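The values are calculated or read from the model by the stated rules, or taken from the named source; none is laboratory data. Keep in mind the model is a prediction, meaning the values are calculated, not measured. Quick reminder, even Gly has a Cβ in these numbers, built from the backbone with ideal geometry, and neighbours come from all protein chains shown. When the accessible area is computed, the model is the full protein with side chains, heavy atoms only, and any ligands, DNA or RNA have been set aside. Shrake-Rupley method; radii C 1.70, N 1.55, O 1.52, S 1.80 Å.
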Amino acid sequence: MTLTDLSAAQLAELHAQFQSSYDDLTKAGLKLDLTRGKPSPTQLDLSNDLLTIDVDTHDAAGTDLRNYGGLQGIPALREIFAELLNVPADLLVAGGNSSLTMMYAHVTQAMLFGVPGGQGPWRDQAVKFICPVPGYDRHFAICERLGIEMVPVELGEHGPDVDEVATLLQDPAVKGMWVVPMYANPSGAVYDEDTTRALFSLPSAAPDFRIWWDNAYALHHLTDEEPRPLDVIAMAAEAGHPDRVLTFASTSKVSFAGAGVAFFASSKSNVDAYLKATGYETIGPDKVNQQRHVQFLRDADGVRALMRRHRELIEPKFQIVRETLEANLGEYGFARWTHPEGGYFVTLDVLEGTASRVVALAKQAGIALTPAGASHPRGNDPFDRTIRIAPTFPSEADLRTAMQALTTCAVLAAVEKLRDKA
Ligand code: PMP
């Protein structure tokens, strides 16, 4: 039975049924949260040894880690993550606790001072960023904050349509693009090699076009397939645009989301420019925390093993999401959802024109969801259909309840809409 095929009488009957389930929900006094992609307390517990480790005061090279200096981060940690992220260790910077800080810094530095090989500060020029949608709301917030125009392109399973990007790049104002290449937030899309190579080789009217390659979920596999991130710095160089890609990652969802280590890697000229600019902000990162991570993680295999333990905790939650969506929405045929093989999110597309209603209904029933539209620039989902589900933080029992409630709201909103149209 597809919802859109129902007669007015059948819709009225279904409406009564779901309205009554919804009324019961609102009386249940729920208070559940599916908003942000945070690790659960149990996941954080996996790294509790970080809190008690007897941290060395000096590293192997004899550097006193307690003192100032070492802007690029400690070599031992850079070695571990260079292997994992598939970048050369000498082009990798280990910084503070947040890759978002580094991404924001790159945009502000470009606005104020320009980028290597560019034509001066971007703030003196028209600046647009290509924004694959659905995407990460905090990327879009950076653009909004700095007055950068956002140009949405639809994100497919393996990246956006390359021809569409090629056309946009003919505009000299297009200077940036946001990419979450592995297990994208929120769809789970994985950029394939062909798309990646195309993005690096396409001609751009702006000589200083840059891609913010945010590999926040590079290590966060949910299946036995554990693909290594593409060797993007070499690929960009091979494509003739060595400075085009700025890559970012962090241990926010490896160790502690609030007390991990963030990474940046790119061409030598971009890394040099970044370190020069960062030298005005700080005399060096928290090397003690970096060393703590080296002792706790040990090596790349240590990180891989830890990530498998994370998977053990979160894979069942993704299963709950998938099973509930299938069981409660499958038969009605109006919704579709993603089947991510990694990362932290599932994207649910409900009936067009109802996402904000679903979120509002859920809120009234005590379920907090990311605002409808958040996955689009300026919060504007033109189809009002995309909802981001973040299953990692709640317990399995809470998640099950929240998903039951969410699917009830999705059907109720769809029936309301179709009934009004009928
Ligand atoms: N990038 C993406 C795509 C994310 O989803 C997140 C966390 N929600 C971040 C970056 C934030 O990373 P960090 O904690 O390193 O600042």
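Compactness of the range 272-329 is given as radius of gyration and Dmax, 19.9, 55 Å, from Cα positions. Could you list log10 I(q)/I(0) for the chain at q = 0.14 Å⁻¹, which the Debye formula gives when each Cα is one point scatterer? Log-scaled intensity ratios, in q order: -1.25.
If you take the beta carbon distance between A16 and E149 as r and set R0 to 60 Å, what does 1/(1 + (r/R0)^6) give as a FRET efficiency, to the nearest 0.05? Intermediate values should be presented prior to the final figure.
Working: r = 47 Å, r/R0 = 0.78.
Efficiency computed from Cβ-Cβ geometry: 0.80.
Carbon-plus-sulfur accessible fraction, the range 287-422 (probe radius 1.4 Å, protein heavy atoms only): 45%.
Counting only DSSP H runs of at least 4 residues, each contributing -39500 (n - 2.57), and dividing by the residue count of the chain, the helix-based mean residue ellipticity at 222 nm comes to -13000 deg cm²/dmol.
For A9 paired with A205, estimate the spin-label separation in nm (one decimal), with each label point 7 Å from Cα along the Cα-to-Cβ line. Inter-label distance under the simple model: 6.0 nm. Rg/Rh for the range 159-290 stands at 0.99; both radii use Cα atoms, and Rh follows the Kirkwood definition.
The GNM of the chain, with springs linking C-alpha atoms under 10 angstrom apart, assigns the highest mean-square fluctuation among A110, A189, A60 to A60.
Taking all protein chains together, F248, F256 sort by accessible area into F256, F248, largest first [probe 1.4 Å].
For the range 267-422, the fraction of C-alpha pairs farther apart than 28 angstrom is 42 percent. Bridging of K287 to aspartates and glutamates at a Cα separation below 12 Å is possible for D56, D59, D64, once same-chain residues fewer than 8 apart are set aside.
I need the trypsin sites (Lys or Arg not before Pro) found in the range 1-99, filtered to DSSP loop residues with at most 11 other beta carbons within 10 Å of theirs.
Those that pass, being in a loop and sparsely packed, are K31, R66.
State the percentage of accessible surface on the range 1-97 attributable to carbon and sulfur atoms; use a 1.4 Å probe and exclude ligands, DNA and RNA. With neighbouring chains kept in place, the figure for the range 1-97 is 50 percent. Of the accessible area of the range 190-283, computed with a 1.4 Å probe over protein heavy atoms only, carbon and sulfur atoms account for 54 percent. Using only the alpha-carbon atoms, how far is helix 75-85 inclined from the longest principal axis of the chain? Give it as 0 to 90 degrees, nearest 10. Between the helix axis and the principal axis of the chain, the angle is about 40 degrees. Close amide H pairs (under 5 Å, H built 1.01 Å from N) link V93 with F264, A265, residues at least 5 positions away or on another chain. Once the Cα atoms are used to define both axes, helix 396-421 deviates from the longest principal axis of the chain by about 60 degrees.
Quick check on the chain: of the DSSP beta bridges with both residues there, what percent are antiparallel, nearest 5%? Expressed as a percentage, antiparallel bridges in the chain total about 45.
Considering only DSSP beta bridges whose two residues both sit in the range 28-171, what percent are antiparallel, to the nearest 5? Before the final figure, lay out the partial values.
Details: 3 of 10 bridges.
Of all bridge pairs located within the range 28-171, approximately 30 percent are antiparallel.
The residues of the chain present an accessible area of 42 Å² per residue when probed at 1.4 Å with all protein chains retained. For the pair E157 and M1, label points projected 7 Å from Cα toward Cβ lie 3.0 nm apart. Bridging of K421 to lysines at a Cα separation below 27 Å is possible for K363, once same-chain residues fewer than 8 apart are set aside. Against the chain, whose longest principal axis comes from its Cα atoms, helix 287-297 is set at around 70 degrees.
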